1. For a label point 7 Å from the Cα of Asn630 along Cα→C-beta, name the residues of the range 221-236 whose backbone N is under 15 Å from it.
2. For the chain, what is the mean residue ellipticity at 222 nm derived from helices alone (per DSSP H run of n ≥ 4: -39500 (n - 2.57); sum divided by total residues; nearest 500 deg cm²/dmol)?
3. How would you classify the range 21-155 from its alpha-carbon gyration tensor, with a ≥ b ≥ c the square roots of the eigenvalues: rounded for a/c under 1.5, else prolate if a/b is greater than b/c, otherwise oblate?
4. Expressed as a whole percentage, what fraction of the accessible surface of the chain belongs to carbon and sulfur atoms when a 1.4 Å probe is rolled over the protein heavy atoms?
5. With each label point set 7 Å from Cα along the Cα-Cβ vector, what nm distance links Glu750 and Lys39?
6. Over all directions, the average projected area of the alpha-carbon convex hull for the chain comes to how many nm²?
7. Once Rh for the range 50-113 is found with the Kirkwood sum over Cα pairs, what is the Stokes-Einstein diffusion coefficient at 4 °C and 1.567 mPa s, in µm²/s?
8. Suppose every K and R has +1 on its Cβ and every D and E has -1 on its Cβ; what is the size of the dipole of the chain about the Cα centre, in Debye to the nearest 20?
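The values are calculated or read from the model by the stated rules, or taken from the named source; none is laboratory data. Please read these numbers as outputs of a predicted model, since none were measured by experiment. Here Cβ is always computed from backbone atoms with ideal geometry, including for glycine, and neighbour counts include all displayed protein chains. To get the accessible areas, we keep the full protein, side chains included, count just its heavy atoms, and leave off ligands, DNA and RNA. Shrake-Rupley method; radii C 1.70, N 1.55, O 1.52, S 1.80 Å.
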Amino acid sequence: MIDRARLLLVSLALLLLPAAARSATDPAVEKRIDELVAKMTLEEKIGQLNQYSSSFDLTGPPPPDDRAKARYDQIKKGLVGSMLNVTGAAATRAAQELAVKNSRLGIPLIFGYDVIHGYRTAFPIPLGETASWDVEAMERSARIAAIEASASGLHWTFAPMVDIARDARWGRIMEGAGEDPYLGALAAAARVRGFQGKDLAAVDTIAACAKHYAAYGFAEAGRDYNTVDISEQTLRNVVLPPFKAAVDAGVATLMNSFNEIGGTPATASVHLQREILKGEWGFDGFVVSDWGSIGELVPHGVARDAREAAKLAIAAGSDMDMESGAYVAELKGLVESGAVPVGAVDEAVRRVLRVKFRLGLFDDPYRYSDAEREKRLVGAPEHAAAARDVARKSIVLLKNEGSLLPLDKARGRIAVIGPLAADPDTPLGNWRGSAVKNTAVTLLDGIKAAVGPSVEVRYAEGAKLVTAETDMGRELTLNTDDRSGFAAAEQAAKGADVVVMALGENAFQAGEGRSQAEIGLKGVQADLLRAVRAVNPKIVLVLQNGRPLALQDIAPLAPAMVEAWHLGSQSGHAIADVLFGEHNPSGKLPVSFPRVVGQVPIYYNAKHTGRGDPASGGMVFWSHYTDVPNTPLFPFGHGLSYTRFEYSGLKLGAAEIAKGGKVPVEVTLKNAGSRAGTEVVQLYVRDLVGSVTRPVKELKGFQRVALAPGESRRVTFTLGTDDLAFYTAAGRWEAEPGEFEVFVGGSSAETQSARFVLR
Ligand code: BGC
């Protein structure tokens, strides 16, 4: 209701906004926009705000079915501003010709596509890639994705997805950077830089889109599209930092989200889109709705019909309508009746045109649709090497009892068992762009390629994970109770020096619409593990999955566990690099792994509560479960190495600082093992007393430090007052005076600490 009340004021303020935004932008471009807008009819303006998905062959004659024919004609009349899911140099060129050659003003279309973790060459799913804690690697993978996508005629990716997520039941947790706003903000900025490069007009860069704005990851019970109800504090302190970082990195567009927050769907939220994004942050690109989300204002129950939905959405600052058709059908009548000021439409159009100008589309609308570049660059061999490198950096060594890993590649017998061991599809993950089905290097092939001729590799599938396929990809059949492969698996395991077991989730078990109430190993996988263990307990469990799994009962069954996510095209080679010690793992979890699903949402940067430890309430009356510990199975920031790192001598350079001052933080890191390795040194801070309650720990810095065996290094950080700032009870982003505790270590759980005071 508050949002509705604000609408009038906002509508009035609207007319002023373009001028304000203009000041930060290129005057020459703004002049060209002015001239173009002056020539446009109302219908043509609304057309720029209309986006359709390709549902017909754009390279052939007009499509026969009525709906497709109508859309085809709309493109020709300049009533479509953008299309998604048109890919390939030929198809994009054909669609562009349709718009540019036939419409009155010849305004080019902008082609968008979900390039989430690679285009043809698949990189690790974003959650996995974030486990590298290597922002340069994240930027590189986005850069290569942009090189391939732009060569295929695309201008715009619906990425990065920057939704903070604390709930592993939510299938889309795979698409983001995990649970932490600091790491999430760095990942967001790196990916924006990678996609957009230094110059958006270059033919090998594409516009990025930070999504889903906002709080989509906070869906109640982890059920996709569900209600979100979070405080302004959580919104500002946890959800928004990655979006702000994307905007500061120059992201060209944002996508809003399906969910409501506190009663207002994000698509109709004046607060999010006008006040914060376009107001406070001065964002001058455009906001695209999520698929049909303007139309969904009707089932949400805030709009009676499409007309009212269009009115709410445009007033709230949703600039482009993805696939609901509400703008193209309703905005004209709304403007003509005076219900929507034409200034609201003009402002949205200016934003869309601005991005098109920045992409260089007005200089040459076909510049990205280049068949020669497409042939040369899409899936280029040199991209495979980068995909392998990023993939191995993303692997997390969860446990390694008795130094079972690394394995000997020169001799011995290795049994490779499990439904995902020889599966060339799962590593491509969900949201795989235009990666070709069944083309990933499998774990089995990776192992075979890595070992010498005297190593015997035996393989048994053991159990099937997938028995059905749908048009949306392979679906997990949850009732796989087929144990007929167990005997062969036991046979393979018997007498082997080590068993590598490949279990987890298939590619489409995570992703949009794939929320799950149980997040363990599906089907008979756990039974298979137990059966194999009964004949050979020397098990290395390699997990391939899109979300944190709850493995309290599974973890004790395997002395070694490797988290290998869905790692992309080069998955098998990357995992083999780690298994045989070619690459010493350095990945760290970007998200907590619960013991059991009942702990979810579980995240390290939680609040202490009034009864946060047993001392506060006796044995019973404190904030805990009576059946499982509060701690996760594997905490945020956890990840082992084949060498051992020791921390000592944490020292703060100041016991007290004034506002604007800085605290130097130093710690000694020693490689106390016998191999070279890289450690991600993590710095956390706790603000002990605040005007609102503060998290028990917040990540404020990290460094990847490579050390030779026996080598020590003094690692230094500088904590500034800005690092201590948060959204306070007064509604300001600032640091509050008081005492702070600093923690440094190799995970969010194992840390040394020291204190200082901000005066
Ligand atoms: C998803 C978006 C995606 C869009 C276009 C929607 O269902 O939520 O993330 O970009 O579809 O494919």
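1. Answer for the range 221-236: none.
2. -8500 deg cm²/dmol
3. Note, shape of the range 21-155 comes out oblate.
4. Details: 14040 of 26860 Å².
C and S fraction of accessible area: 52 percent.
5. Output for this residue pair reads 6.6 nm.
6. Here the figure is 33.3 nm², rounded to one decimal.
7. Values: Rh = 11.3 Å.
Answer, rounded: 114 µm²/s.
8. On the way: 84 positive and 90 negative charges, 196 e Å.
Around 940 debye, computed over the chain.
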